[in-house]
Structure formats: C-alpha cells, structure tokens
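A quick write-up on the structure given underneath.
The values are calculated or read from the model by the stated rules, or taken from the named source; none is laboratory data. These figures come from a predicted structure and were not determined experimentally. Positions of Cβ are backbone-derived with ideal geometry, glycine not excepted, and every protein chain shown enters the neighbour counts.
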C-alpha cells in the first residue's frame, strides 16, 4: 500500500503544508474549467452534434464515440489516474495528496487539449481504427478528466497489487470487447503495426 504520511517533520515542511486541503480541490476544479474553456476556444463542440447527452455510448465505430459522458475509453482514463498517482508518489511523495491531485489534473487536462488538436485527431484517423473520430466533445473531455480523478483517488486508497490487478483486468476486458485499449492506443499512436490494425478491423 502506498501509505500517505499524515505528518511531516519541520525540516521537510513546505509552503503546501499551510494550504487547506479544500484549496487543492478548488484549484483542481479551476484547472478543469480552464481546460473546458480552452477546448471551446479551440472550436470543440460542447456536446454531441446529435443534440442530446447519453450517460453511456458503447459503439466505438460511430460518430458519437467520445461525444457523451462515458464510453469504452473512459476506463483508459481511470487507468491514467492510477498511473499519475503512482508517478507522483514516486517523484513528489513529500507533497500532500491534494497537491499531487492538482498536478495530475494539469497533466490530464493538457493531454485532453493536445488530443483534440488537428495533429492528434488526424493521427488517430490515419493509424487506428477510429476512422470516424473528429475529436472529443467538451463534455466528454471534462468527464474523461473526472474519470482520471476517480482513478487517482482510488489509487490513493488501494494496495499496489490491487491497482495492478484492476489495470490488467480492465485492459484485457476492454481489449476483448472492442479490440482496443490504452496499451494498444499508445502503441498505434507511437508506432502503428498493420497486423494490429487488421485485427482491430475484424480481420
């Protein structure tokens, strides 16, 4: 278990120790609002062009994928939360967990903005099975960030091997159902393989 120390020696205290925990929550919320405003400024649509909002959309090969509150890729963002918690625990474990959460929200928000640039959108459409992908709605991006927060908070309370087990189970389950997951997504973005793309297309 990644144990969070509730107290620090005077020598290890920093400016963040004087900050109320609720302040970190407010800061994280502000970052999410700024990310949403940035996405709107970039021209991303607030909600699906279909004109309605769904809690879950499970059809990957459709124009409504990544447009609603949650979908199969929501699980990848929960895993982002696991990963960011682990990374920040390793490199900034003296920071209070609230400050690390703000850092994780900054990282995830930055990815959501970058993911919705023409460069990444075109990359997805060219080398993955997401032929109908035209970027996320702002609603979906915000919900993806919140899914990361869920993963981060869960990781702060679970044992390491529990987190590893959940990650593997999610990756295997999502990969089995839709022939895609976080691991395959990263591989195909960095170095696409025709064999994987063929398999994902149902070959």
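If you take the residues of segment 178-203 that are loosely packed, with under 13 Cβ neighbours inside 10 Å and in a helix (DSSP H, G or I), which of them is modelled with the highest pLDDT? Once the filter is applied, the top-ranked residue is 186. Listed conditions (1) within 20 Å of residue 180 (Cα to Cα); (2) crowded, with 17+ Cβ neighbours inside 10 Å are all met by residue 63, apart from (2).
The residues listed here are 173, 152; of these, the one that is farther than 20 Å from residue 48 by Cβ, surrounded by 13 or more Cβ atoms within 10 Å (Cβ to Cβ) and under 15 Å from the mean Cα position of the chain (by Cα) is 152. Residues being out of contact with any strand residue (DSSP E or B) (no Cβ under 9 Å at 6 or more places or on another chain), modelled with pLDDT of 90 or more and within 18 Å of residue 107 (Cβ to Cβ) are entirely absent from segment 11-21.
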